[in-house]
Each structure stands twice: as C-alpha cells, then as structure tokens.
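K.L.:
Just passing along the structure, written as structure tokens.
The values are calculated or read from the model by the stated rules, or taken from the named source; none is laboratory data. Values in this document were obtained by computation on a predicted structure and should not be read as measured data. Counting neighbours? That spans all protein chains shown, and the Cβs are built from the backbone with ideal geometry, glycine included. These accessible areas exclude ligands, DNA and RNA; they are computed on the full protein's heavy atoms, side chains included. Shrake-Rupley method; radii C 1.70, N 1.55, O 1.52, S 1.80 Å.
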Amino acid sequence: MSVKGPIISIEDDSDDQFLIRSVLEELEIPNQLIFFSNGLDALLFLETTEQQPFVILCDINMPVMNGLELRLRIEQNECLKKKSIPFVFLSTADNPHIISAAYDATIQGFFKKENSFEDLKKRIKIIFEYWQSCLHPNNYA
C-alpha cells in the first residue's frame, strides 16, 4: 500500500462510478482514481503495473469476473499477495452468505453502498482515513 498510490475502483455501473468520482473530488482526495468495469481487467492491470495501489474498492456483482473471484485470484498470486493492497468491498449485495464468503477470502472490509450522496461520502471518508492512518509493511520497503 502506498498512501499516495492510486485508488482502484472495480465497478461496472457508470452511475456508481460517477458518484464515487464525485465523492473523492468533494473530499479532495488527491489519489489518482482508476476504474475497471470487471475483475478481469483489474487483475490484468494489477499483475502488470509497477504502481503500489493505495486501496481497492470493489463491487461484488460484475460481468466477466466478479469481486469474489477477483479477490481469490489476488490471494493466489504471490506477487500481488505480497503487495498487501487493502481490499474493501463496496456493494449493494448484503446477503449474509456473500459477506461470509468475502471475509473467508481475507478481505479488509465490506461496506454497503449508501443510498444518499452524503452517506456514501461519509463511508468513503472513513475508509480513506482508516487506510491513510494504518501502518503497512510496504511503508518500510
């Protein structure tokens, strides 16, 4: 994790992408925001980039490769696993079985997408401030 690294958002809904971008702009979060509309495109980026992402915000239900499949693929890739990129689900899916499966995949958080802009803004602010303050092994590399 790099506090200055990009925020990776895997979200297939263009309206949600717009909201996330707007929230980050309003919160004046300076990190580059990179969107992917499915897990496979995000995985290919993560496997080839030299950048150390700050955090991954991921939806669950997406075409091609869903969020759970992406998380499992990251965990199976030794290089990506070593990067220890914080992985947080931000999804409308709130099924207890999905949440349990997500934590079984060693995610670092699961948050329900909020219905209002202000509530989403509060949620993302909490996530950002937490990871900005958190000590991380890659801070010492």
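K.L.:
Taking the conditions exactly as written (closer than 13 Å to Leu43 by Cα, at pLDDT 90 or above and more than 16 Å from the chain's Cα centre (by Cα)), does Asn77 satisfy them or not? I'd like the intermediate steps shown before the answer.
P.N.:
Details: closer than 13 Å to Leu43 by Cα: yes; at pLDDT 90 or above: yes; more than 16 Å from the chain's Cα centre (by Cα): yes.
When the stated conditions are applied, Asn77 passes them.
K.L.:
Something else: May I ask you to list pairs of residues, at least six apart or on different chains, whose Cβ atoms are under 8 Å apart, with the first in region 104-115 being on the phi > 0 side of the Ramachandran plot and the second being open to solvent by 20 Å² or more (accessible area, probe 1.4 Å)?
P.N.:
Thr106/Glu75
K.L.:
Determine whether region 116-139 contains at least one residue that is over 13 Å from the mean Cα position of the chain (by Cα), small (Gly, Ala, Ser) and over 21 Å from Phe18 (Cα atoms).
P.N.:
Checking region 116-139: at least one residue is over 13 Å from the mean Cα position of the chain (by Cα), small (Gly, Ala, Ser) and over 21 Å from Phe18 (Cα atoms).
K.L.:
Could you tell me which residue of region 78-101 is farthest from Leu19 (Cα to Cα), considering only residues that are touching a Lys or Arg at 6+ places or on another chain (Cβ under 9 Å) and of a type outside the set (Asp, Glu)?
P.N.:
At the first step, the residues of region 78-101 found to be touching a Lys or Arg at 6+ places or on another chain (Cβ under 9 Å) are 80, 87, 89-94.
Going one step further and asking which of them are of a type outside the set (Asp, Glu), we end up with 80, 87, 89-93.
Working: Leu80: 28, Phe87: 19, Phe89: 16, Leu90: 12, Ser91: 13, Thr92: 14, Ala93: 17 Å.
Restricting to residues being touching a Lys or Arg at 6+ places or on another chain (Cβ under 9 Å) and of a type outside the set (Asp, Glu), the top hit is Leu80.
K.L.:
Taking region 62-88, which residues are among the polar types (S, T, N, Q) and touching a residue at least 40 places away in the same chain (Cβ under 8 Å)?
P.N.:
Looking only at region 62-88, we keep the residues that are among the polar types (S, T, N, Q), and these are 66, 76-77, 84.
Ser84, the sole residue that qualifies.
K.L.:
Looking for whichever is among the hydroxyl-bearing types (Ser, Thr, Tyr) and more than 14 Å from the chain's Cα centre (by Cα) here; the options are Ser22, Ser91, Ser84, Ser37. Which one fits? Walk me through how you get there before you give the answer.
P.N.:
Numbers: Ser91 fails: more than 14 Å from the chain's Cα centre (by Cα); Ser84 fails: more than 14 Å from the chain's Cα centre (by Cα); Ser37 fails: more than 14 Å from the chain's Cα centre (by Cα).
The unique qualifying residue is Ser22.
K.L.:
Okay, next question. Filter region 108-141 for residues that are more than 15 Å from Leu27 (Cβ to Cβ), surrounded by 17 or more Cβ atoms within 10 Å (Cβ to Cβ) and touching a Leu at 6+ places or on another chain (Cβ under 9 Å) and give the result.
P.N.:
Answer for region 108-141, where residues must be more than 15 Å from Leu27 (Cβ to Cβ), surrounded by 17 or more Cβ atoms within 10 Å (Cβ to Cβ) and touching a Leu at 6+ places or on another chain (Cβ under 9 Å): Gly109, Phe110, Lys113.
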